[in-house]
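The values are calculated or read from the model by the stated rules, or taken from the named source; none is laboratory data. Quick caveat, the model's predicted, so the values are computed rather than measured. No Cβ is skipped: glycine too gets one built from the backbone with ideal geometry, and neighbour counts run over all protein chains shown. Note: areas computed on protein heavy atoms with side chains; ligands, DNA, RNA excluded. Shrake-Rupley method; radii C 1.70, N 1.55, O 1.52, S 1.80 Å.
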Amino acid sequence: MRNSLKAYLIGGGIGSLAAAAFMIRDGKLPGKNIAILEAAEVLGGSLDGAGDADKGYSLRGGRMLTTDNYECMWDLYRSIPSLHNKGQTVFEETVAFNQKYKAHSMARLVDSRRAKVPVSSMGFSMQDRIELLKLSQATEDELAADRITDWLSPAFFETEFWYMWVTTFAFQPWHSAVEFKRYLHRFMLEFSRIETLAGVKRTIYNQYDSLVMPLQAWLKAQDVQLITGCRVTDLDHHIDGGKFAVTGIRCEHEGKAQTIVVKDGDLVFLQNGSMTDASSLGSMTHAPGKLTKVESGGWSLWEKLAEGRPEFGNPSAFNSCIAQSCWESFTVTLKNPAFFDLMRQFSGNEPGTGGLVTFKDSNWLMSIVLAHQPHFANQRADVQVFWGYSLFPDRIGNFVAKPMTECNGADILQELCGHLRFDLETVASAHCIPCRMPYITSMFMPRLATDRPLPVPHNSKNLAFISQFVEIPDDVVFTVEYSVRAAQMAVYALLGIDRKVPAVTAHDKSLRTQFEALVKAFK
């Protein structure tokens, strides 16, 4: 039966790529029966990376990785061959790379005096500890749509812990208390080593080159149809036995409107919503454009499907306030080693071992990270690339008298050099590309339990959702793991695969982990 079944995946992000791989590996579905429909010209979704030494490299961001968690992601990548190290899987390549380049940040926080802030203590008062404990032990029903600020006092947001935790994971004070609590439990191992980022693992190159490209190459070798430039506008459907069944996919491809017929038994997987929807790039002379979902249309399909169908979720809970979900990143390409040399001297870290350096007194709350070089597979040996981001791009800078949203690449470099007290000549030949992302933390917005659909809603016959906007108990959004886990759950459910999805590792139930976190909280 599966030889005749066809599967259509709407959106070409990591969730869809993973779903296709699980259907082939575990569901024994022929690759030629699977089609991925992506509106952009490249696959990978939010895991992007592009450019060259002359025009400048650009990546919107990279997700934090760890081998202590991420059970579904590594389950997948234990099966995907590396493109860069023959005879190794992507998982084996990543483990070997991190054994060679171990993370141990020595300049995690930097203050306005350009001094490294002591971070062995979390900076908690007894009130902070009590409030954090109450939040971490509250049920999700009790937390409901509360914000983090509803549970923690103002002083908490000035602690060293807060600055390190939120710049590692990109939380804001007004974000969901539920998501904050989930992170405290899921990453309890990181709580006791947050100041060194010792638990953070990195891929050999950026995540597009290291994760997307090997998976895409494997899928292509399995004859999966990878269709780019194809925008899906609507789904035809009917009710079959009381369940929603997709019967057609309306799309625009190569300038033509067409409808793909979905036959009985076929499956449809939708990446609902996008945290990088309406992203825009700037340049050394221009700030990024201020786009919204109206210009991009990236949320419209989910909005259509959810209207009048509460089991399909509530997209407005996530995409209705750009002021609370926007931040800005920037990628800097250098052809002179001076900046990297000065950062080695200042931080004490070799590139690839230090992780984030956060300027805690920055009005923008700016952070940068110098990855191991080369950071792109096509990067020349005489070129260096680093990435940074700011959580408060709407604020006036400390050294540039305008908000980051109005800054071009040259302005951002001036602000960065001001915090580091580096001469601007250090980055005279640099190429800085800023990127505005209005919905980048939309998945952290306060929500109710019903605002996210299940990967396979109870009222769906052949439609599944795979994205950062589905409900998976105990796991955390804004991770590659969440997308891959959603994909694995959806595929196994719709295909009836008799194999368990890897469980979320309960590090928070370990007495040793709890004890280490307790000791850390009282330092």
Give me the 1.4 Å probe accessible area per residue for the range 246-303, excluding ligands and nucleic acids, in Å². 49 Å²
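In a shell of Cβ-Cβ distance under 9 Å around Ala521, excluding Ala521 itself, what net charge do Lys and Arg (+1) and Asp and Glu (-1) give?
Value of the local net charge: +2.
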Nearest-10 value in Å² for the accessible area of Leu226, using the 1.4 Å probe: 50 Å²
What is the diffusion coefficient of the range 200-259 in µm²/s, taking the Kirkwood radius over Cα pairs and the Stokes-Einstein relation at 10 °C with a viscosity of 1.306 mPa s? 107 µm²/s
Ranked highest first by the average count of other Cβ atoms within 10 Å around their residues, in what order do 16-24, 103-111, 361-369 fall? 16-24, 361-369, 103-111
Say the dipole of the chain comes from +1 at the beta carbon of Lys and Arg and -1 at that of Asp and Glu; which of Cys230, Ala428, Asn349 then lies farthest toward its positive end? Asn349
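Quick check on the chain: helices-only [θ] at 222 nm, where DSSP H runs of length 4 and up contribute -39,500 (n - 2.57) each and the sum goes over total residues. Nearest 500, please.
Working: 16 runs with 143 residues, N = 523.
Computed ellipticity for the chain at 222 nm equals -7500 deg cm²/dmol.
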Taking a probe of 1.4 Å, how large is the accessible area per residue of the range 366-446, in Å²? 32 Å²
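How much FRET efficiency would the formula 1/(1 + (r/R0)^6) give for Lys335 and Thr285, where r is the Cβ-Cβ distance and R0 is 25 Å, rounded to 0.05?
Approximately 0.85, to the nearest 0.05.
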Base-10 log of normalised Debye intensity for the chain (one unit scatterer per alpha-carbon) at q = 0.12 Å⁻¹: -1.17
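Give me the percent of the accessible area of the chain that comes from carbon and sulfur atoms, probe 1.4 Å, all protein chains in place.
53 percent
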Can you sort Lys509, Lys304 by solvent-accessible area, 1.4 Å probe, largest first? Lys509, Lys304
For the chain, what is the percent of antiparallel DSSP beta bridges, rounded to the nearest 5? 70 percent
If you plug each phi of the range 373-384 into the Karplus form 6.51 cos²θ - 1.76 cosθ + 1.60 with θ = phi - 60°, what whole-Hz ³J(HN,Hα) values come out, in order, with x for Gly and Pro? 9, x, 9, 10, 4, 9, 7, 6, 5, 8, 10, 10
Magnitude of the Cβ-charge dipole (Lys and Arg +1, Asp and Glu -1) of the chain about the Cα centre, nearest 20 debye, reported as 860 debye
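Compute the Cα gyration tensor for the range 298-416, then decide on rounded, prolate or oblate, letting a ≥ b ≥ c be the square roots of its eigenvalues: rounded whenever a/c is under 1.5, prolate when a/b is larger than b/c in the other cases, and oblate in all that remain.
Numbers: a/c = 2.73, a/b = 1.82, b/c = 1.50.
Note, shape of the range 298-416 comes out prolate.
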So what is the relative contact order of the chain, in percent, for Cα pairs below 8 Å that sit 6 or more residues apart? 24 percent
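What's the local net charge at Asp266, with K and R +1, D and E -1, over the other residues with C-beta under 13 Å away?
Here the count lands on +1.
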Just to confirm a number: summing +1 for Lys and Arg and -1 for Asp and Glu over residues other than Glu311 whose beta-carbon lies under 11 angstrom from that of Glu311, what do you get? +2
Arranged from highest to lowest average of other beta-carbon atoms within 10 Å per residue, in what order do the peptides 253-263, 137-147, 448-458, 201-211 appear? 201-211, 448-458, 137-147, 253-263
Probe of 1.4 angstrom, ligands and nucleic acids ignored: what's the accessible area per residue over the range 3-148, in square angstrom? 42 Å²
Considering only C-alpha atoms, what is the centroid distance from the range 93-157 to the range 347-422, in Å? 21 Å
Ignoring ligands and nucleic acids, what accessible area does Ile227 show with a 1.4 Å probe (Å², nearest 10)? 40 Å²
Straight-line reach from Lys220: which lysines have Cα under 30 Å away, leaving out those fewer than 8 places along the same chain? Lys6, Lys28, Lys32, Lys55, Lys86, Lys201, Lys256, Lys263, Lys461, Lys500
Inter-label distance for Glu252 and Leu342, nm, one decimal - labels placed 7 Å from Cα along Cα-to-Cβ: 4.7 nm
Packing-based order for 502-508, 63-69, using average beta carbon neighbours within 10 Å, highest first: 63-69, 502-508
In the range 441-523, the chymotrypsin sites (Phe, Trp or Tyr not before Pro) that fall in loop regions by DSSP, at most 12 other Cβ within 10 Å: Phe522
Determine, from the Cβ-Cβ distance of Thr259 and Lys55 and an R0 of 51 Å, the FRET efficiency 1/(1 + (r/R0)^6), rounded to the nearest 0.05. 0.85
In nm, what is the difference between 0.36 nm times the number of residues separating Ala381 and Leu133 and their Cα-Cα distance? 84.4 nm
For Lys360, list the aspartates and glutamates whose Cα falls under 17 Å from its own Cα; do not include residues on the same chain fewer than 8 positions away. Asp111, Glu158, Glu160, Glu195, Glu328, Asp394, Glu415
With the cut-off at 1.5 for a/c, could you classify the range 61-106 from its C-alpha gyration tensor as rounded, prolate or oblate? oblate
